[in-house]
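The values are calculated or read from the model by the stated rules, or taken from the named source; none is laboratory data. All values reported here derive from a predicted model rather than from experimental measurement. Cβ atoms come from the backbone with ideal geometry, glycine included; neighbour counts cover every protein chain shown.
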Amino acid sequence: MNDIDTRDLLLKNLNGALKSKKLYPPGHPAVAAPAKKSFELVSNALKTSANVMFGIMNGAFVFEGDAIPDGEKLYPDLMSHLTEKNIDAVIFEKGVTEKELINVVDILSGTAAVKGEEIKKELDAKGVTHITLKSMPIGKKNALEVYNGALETVKNTMSEVRLGKIPKSGPVKEVISELTDAVFTDQNAMLGLTMIKNYDNYLFNHSVNVSVLAISLGRALGLEKEELDAVGVGGLLHDIGKTGVAENIIRKPGGLSSEEWDKIKEHPQLGSNITKRMEGLHEIVGHVVYEHHIRYDHSGYPQTTEKLHPLSQIITICDAYDALTTVRVYQQPHNPVEAIKVMVNFSGRHFSPDILKAFVNMLGLYPVGTMVRLSTNAIGVVIRLNPENGERPVVKLIYGPDGASLHDSPEVDLSANADKHIVSTVNPVVTNTDIGAFFEKESAAAA
Ligand SMILES: [Fe+2]
């Protein structure tokens, strides 16, 4: 199907069929006519090619490998249904029937959050064998793309809430599955990216960081997939209730009045109300969002005497760690080693000793992102852990022994260099280094 007009006609008709599905009953000509037209166009194209394929690649509409500019504007319903269902390709094969095409329009316009294997099951159940709906393959994006995608999703989700809508859970679930894949593929890179602490966008970066940390901790604790997903979603949405608190209070640089503080304290309840209304989220999400400021000893807020959900402490701990390692109006950022020390002091009071222990073990003696001075006097950033040798991680040097910036940034695996060792941690503020930007560059270079 090389003719641009024919492609456009096909996509317009499919878009039209999906759009009409929202407005008209099944079988109505407004749905049946564009579906029939689409079928004719596809069958025609299949006379000369084995299949016809279109989809979404890196957020852009693609037909047979060619990007279609403005696809989102031209075929908004088609694009939004595909995105919602996490489908990145639709493939028609020879032998396709009109009934199959109509069934696919039904599946795409359905409200159930189906994806992956579930989509296959639905196609099977409806007897669709000549149309494939492919969901996003794993490992397609690099760590930074996944991180930025999560940032975008949390931003969109929160703005939907601000507009008074109940946000869609499909994009959130998809992002959590990508973050989880990325953590399992390269946990060091993902933990490095949690050092991105955008001051102006604090809430969004903080949400993604907590999610990445929570997935990593959940992984260390050996959680089952269902719980791990819920913890990831809980991390991403833990502060979603802040959308219900006036922005001038959230961003207020100085001390808060007691009324303002009372408003802030409402955000866990507001947040859990929102997540409970989002379709298809696990009930754990509501619990952990509600409890993320309740400490292990039940101090904090909201006040409760009830037993806490066993996974809530995962969010509480990751939230505290990301806050401690972030610059705040009232606080210089702690480096990861200092942040851990601060937190260990609250073990058994603010934090569950067992979960905190797992967290500290997961991060290691010198967590990824710690700036360190070596015995050679060179300064670098920990980029990878050597799990069997916590004192000797892999360090990427950024300043030489004389303090001059190194442009080639050599990596030193301390486990293989017995003559060098870490002598101290260094506060990045002192050397004017943005550790988050450093990891962004690392990740972009690895792509
Ligand atoms: Fe919070």
Among what's in the stretch 66-100 and is farther than 23 Å from Gly170 by Cα and hydrophobic (A, V, I, L, M, F, W, C), pick the residue that is modelled with the lowest pLDDT. Ala67
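Here is a list: Ala89, Ala45, Ala33. Which entry is assigned by TED's automatic domain parsing to the domain that holds Ile119 and surrounded by fewer than 17 Cβ atoms within 10 Å (Cβ to Cβ)?
Values: Ala89 fails: surrounded by fewer than 17 Cβ atoms within 10 Å (Cβ to Cβ); Ala45 fails: surrounded by fewer than 17 Cβ atoms within 10 Å (Cβ to Cβ).
Criteria check complete, one pass: Ala33.
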For the stretch 406-426, indicate whether the set of residues that are assigned to a strand (DSSP E or B), touching a strand residue (DSSP E or B) at 6+ places or on another chain (Cβ under 8 Å), under 27 Å from Thr316 (Cα atoms) and not assigned by TED's automatic domain parsing to the domain that holds Pro333 is non-empty. yes
Here are some conditions: (1) more than 25 Å from the chain's Cα centre (by Cα); (2) within 16 Å of the ligand (Cβ to nearest atom); (3) among the hydrophobic types (A, V, I, L, M, F, W, C). Met371 meets all but one. Which one does it not meet? (2)
Those residues that are surrounded by 12 or more Cβ atoms within 10 Å (Cβ to Cβ) and closer than 26 Å to Tyr202 by Cβ, I need them from the stretch 418-436; list them, please. Thr425, Val426, Asn427, Pro428, Val429, Thr431, Thr433, Asp434, Ile435, Gly436
Filter result for the condition that a residue is within 15 Å of the ligand (Cβ to nearest atom) and closer than 24 Å to Leu191 by Cβ, over Gly286, Gly234, Gly300: Gly234
From His334, His292, residue being within 16 Å of the ligand (Cβ to nearest atom) and without any contact (Cβ under 8 Å) to a residue 60 or more places away in the chain: His292
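Filter the stretch 25-52 for residues that are at pLDDT 85 or above and not in a helix (DSSP H, G or I) and give the result.
From the stretch 25-52, those at pLDDT 85 or above are 28-47, 52; that's our starting set.
Residues satisfying the conditions are His28, Leu46, Lys47, Val52.
Which one is farthest from Pro253 (Cα to Cα) among residues in the stretch 305-331 that are in contact (Cβ under 8 Å) with a residue 12 or more places away in the chain and hydroxyl-bearing (Ser, Thr, Tyr)? Show your work before the answer.
We begin by selecting, within the stretch 305-331, every residue in contact (Cβ under 8 Å) with a residue 12 or more places away in the chain; these are 308-309, 311-327, 329.
Checking which are hydroxyl-bearing (Ser, Thr, Tyr) leaves us with 312, 316, 321, 325-326.
On the way: Ser312: 28, Thr316: 23, Tyr321: 21, Thr325: 18, Thr326: 15 Å.
Out of the qualifying residues, it is Ser312.
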